[in-house]
Amino acid sequence: MEIKAEMVANVWKVLVTEGTAVKADQELAVLESMKMEIPVLSETDGVVTRVAVAEGDAVNEGDLIAVVAAE
């Protein structure tokens, strides 16, 4: 499952790496926009197969953040 940015923002923190097992609603990254922190959550239990951003990156709405393979 592709996890995408919901708005234009900067990547403040990346909390997972490829191979990390995650649960639904677990934070994968934190975006920052207009001094607000926006958590990026996994939508399913699974394993992170790709992290497409790094801390400090700028993302646009719809940009890929990570891919989680459902269990």
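The values are calculated or read from the model by the stated rules, or taken from the named source; none is laboratory data. The structure presented is a predicted model; accordingly, all values stated were derived computationally and were not measured. All Cβ positions, glycine included, derive from the backbone under ideal geometry; neighbour counts span all protein chains shown. Heavy atoms of the whole protein, side chains included, go into the accessibility calculation; ligands, DNA and RNA do not. Shrake-Rupley method; radii C 1.70, N 1.55, O 1.52, S 1.80 Å.
Things worth noting here:
- Taken over segment 30-71, the residue count meeting the criterion of being out of contact with any Phe, Trp or Tyr (no Cβ under 8 Å at 6 or more places or on another chain) and outside any loop (DSSP other than H, G, I, E, B) is 21.
- Among the residues of segment 33-42, just one is more than 14 Å from Lys4 (Cβ to Cβ) and open to solvent by less than 40 Å² (accessible area, probe 1.4 Å), namely Ser33.
- The listed residues are Val16, Val30, and the only one of them that is on the phi < 0 side of the Ramachandran plot, surrounded by 16 or more Cβ atoms within 10 Å (Cβ to Cβ) and either among the aromatic types (Phe, Trp, Tyr) or in contact with a Pro (Cβ under 6 Å, 6 or more places away or on another chain) (or both) turns out to be Val30.
- Residues in segment 1-27 that are more than 11 Å from Gly46 (Cβ to Cβ) and out of contact with any Asp or Glu (no Cβ under 9 Å at 6 or more places or on another chain): Glu2, Thr17, Glu18, Gly19, Glu27.
- Restricting segment 1-13 to residues that are under 12 Å from Val67 (Cα atoms) and open to solvent by 80 Å² or more (accessible area, probe 1.4 Å), the residue that is nearest to the chain's Cα centre (by Cα): Lys4
- Every residue from segment 47-67 that is closer than 12 Å to Met1 by Cβ and out of contact with any Lys or Arg (no Cβ under 9 Å at 6 or more places or on another chain): Val47, Val48, Thr49, Arg50
- Only one of Asp57, Asp25, Asp63, Asp45 that is touching a Leu at 6+ places or on another chain (Cβ under 6 Å), open to solvent by 50 Å² or more (accessible area, probe 1.4 Å) and either among the aliphatic types (A, V, I, L, M) or modelled with pLDDT of 95 or more (or both): Asp25
- Residue tally, condition more than 14 Å from Asp57 (Cα to Cα), outside any loop (DSSP other than H, G, I, E, B) and in contact (Cβ under 8 Å) with a residue 40 or more places away in the chain, over segment 5-25: 1
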